[in-house]
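To keep things clear, I will list the structure first and then write my remarks on it.
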Amino acid sequence: MSYFFYSVVLALGLLLGLPFWLYEVLRHGKYQRGFAERLGRVPERLGSARDQPVIWIHAVSVGEVLAVSALVGQMRRAFPQYRIVVSTTTDTGQDLARKRFGEENVFYFPLDFAFAIRSYVRALRPQMVILAETEFWPNFLRIVHTQGVRIAVVNARISDRSWPRYRRFRWALLRMLANVDLFLAQTETDESRLESIGADRSRVRVTGNLKFDVSLPVPPPIVERLRRELAAEGAGPVLVCGSTVEDEEPPLLRAFENLRVSHPRAVMLLAPRHPQRFEAVASLVGQMGILSRRRSTWDGEPLAGGVLLIDTIGELAALYALADVAFVGGSLVPRGGHNIIEPAQHGVAIITGNHTENFRDIVGLFQSRDAVRIVGLAELPLMFIHLLENDTERMALGRRAKETILSQMGATARTLQGLQSLLERDGNVGQASAWAAHKD
């Protein structure tokens, strides 16, 4: 691969895409935050790396931030001599990371241009870079590797959607993947796929899925308040439909209308996946003549028979606790699905659509243990009604989902062990301890 040619193509792509980016900025307010950081301006809040050696973790968005949260906590305890900083790509990931890891340790990941990357490498001088899942940026990997920095990919996965494309460009990936010192894969399938696209077999091992180890968040006050208000007005049952995407809300709302025939005081908590769609979904609910409230403005008004639009960020995982039945979106239409672990942690009965390619192994595991219901558009209304009218089956489904989560825990400890081995390979842990002792 010619890195110069790649950089030229990347620059041309950004230039040709400028009208789209401007539209997104003006219409949805996207990409405005952190623009200077993405171009290589290191924020002052990061300080300098002169006081403490650094481990840099990159987690693209909310899902990856959640996945590495427990790992970051364990790394801070295992490697107290290191400062751990976290970069994200999306705004929602940035907000969650700042809450979890401290604003002074979080920044936006630079665009894959040498000038932007080098400014962070010079400022942070990381001894290790950890990428969550599968973030392969050619210039970034090359520059970091040439500086002698160890590179690890944790929770590594190759989705069904990505695999054909990666195989097609294996010739270009070979050189890039050679920069990675360690791949810690979610499953044996991911291990095999990584090797098939050029990862050195000796550098790949299976450690499991970090997302099974994600601890339940401290519930925000809204959860208990909603629980009280719903009980006080005798509202229910409660459907929580999370991470929904375009073209999913209409059939979900029609299914809710069908449900209200037999359960007139039912409540739906509807959480669209993307914040820029909040207004459109609110308008859709209104057009269908369904009573609706918005989480951001709700102040205790009655919810029975209506929809509460969750137009806030970071609360969905905790709100699943209120569900009698949870639907996980991105799955009724061909978008690859979203993670079903969060409702499973609460022991809630889960329904998902049949487009779950991005989470094939997780969904397959739950299927094998009869811990999820998978439906198409036609079956969706009937499944809601069936589970809500069969308490024993619904509760058993939720119990098996929680048991499945508990049976898969331990990936964080295995991942930490792999990272520690990588740090110790060149005596980096000892070097960091000597650095800390010298500073003292």
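Before moving on, here are some points about what is shown:
- Unmet requirement for residue 216, which otherwise passes all of (1) of a type in the set (A, V, I, L, M); (2) surrounded by fewer than 22 Cβ atoms within 10 Å (Cβ to Cβ); (3) in a helix (DSSP H, G or I): (3)
- Among the residues listed as 129, 72, the single one being in contact (Cβ under 8 Å) with a residue 12 or more places away in the chain and in a strand (DSSP E or B): 129
- Some residue of the stretch 47-54 being at pLDDT below 95 and assigned to a helix (DSSP H, G or I): no
- Of all residues assigned to the stretch 257-277, at least one qualifies as being part of a helix (DSSP H, G or I) and under 24 Å from residue 341 (Cβ atoms).
- When residue 360 is tested against (1) within 16 Å of residue 405 (Cα to Cα); (2) surrounded by fewer than 21 Cβ atoms within 10 Å (Cβ to Cβ); (3) modelled with pLDDT of 95 or more; (4) of a type outside the set (Asp, Glu), exactly one condition is not met: (3).
- Inter-residue pairs, beta-carbon under 6 Å, first closer than 20 Å to residue 138 by Cα and in contact (Cβ under 8 Å) with a residue 24 or more places away in the chain and in the stretch 90-112, second of a type in the set (Lys, Arg) and open to solvent by 10 Å² or more (accessible area, probe 1.4 Å), 6+ apart: 108/38; 110/38; 111/38
- Filter result (of a type in the set (Ser, Thr, Tyr), at pLDDT 90 or above and buried (at least 17 other Cβ atoms within 10 Å of the Cβ)) within the stretch 112-161: 120
- Being within 27 Å of residue 355 (Cβ to Cβ) and surrounded by fewer than 20 Cβ atoms within 10 Å (Cβ to Cβ) is a property that does not hold for residue 202.
- Condition check for residue 333: among the hydrophobic types (A, V, I, L, M, F, W, C), closer than 13 Å to residue 249 by Cα, in a loop (DSSP other than H, G, I, E, B) and out of contact with any Lys or Arg (no Cβ under 9 Å at 6 or more places or on another chain): yes
- For residue 189, the stated conditions hold: it is open to solvent by 30 Å² or more (accessible area, probe 1.4 Å), touching a residue at least 24 places away in the same chain (Cβ under 8 Å), under 28 Å from residue 70 (Cβ atoms) and not hydrophobic (A, V, I, L, M, F, W, C).
- Check on residue 242, on the phi > 0 side of the Ramachandran plot and of a type in the set (Gly, Ala, Ser): no
Yes/no matrix, rows are residues, columns are (1) hydroxyl-bearing (Ser, Thr, Tyr); (2) in contact with a strand residue (DSSP E or B) (Cβ under 8 Å, 6 or more places away or on another chain); (3) more than 24 Å from residue 115 (Cβ to Cβ):
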residue	(1), (2), (3)
129	no, yes, no
141	no, yes, no
170	no, no, yes
186	no, yes, yes
194	no, yes, yes
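- Every test in (1) surrounded by 13 or more Cβ atoms within 10 Å (Cβ to Cβ); (2) at pLDDT 95 or above is passed by residue 368 save one, and that test is (1).
- When restricted to residues that are in a helix (DSSP H, G or I) and either of a type in the set (D, E, K, R) or at pLDDT below 90 (or both), the stretch 83-111 contains 8.
The values are calculated or read from the model by the stated rules, or taken from the named source; none is laboratory data. Everything numeric in this text was worked out from a predicted model, so none of it was measured. All Cβ positions, even for glycine, are placed from backbone atoms using ideal geometry, and neighbour counts span all protein chains on display. All accessible areas refer to the heavy atoms of the entire protein, side chains included, with ligands and DNA or RNA removed. Shrake-Rupley method; radii C 1.70, N 1.55, O 1.52, S 1.80 Å.
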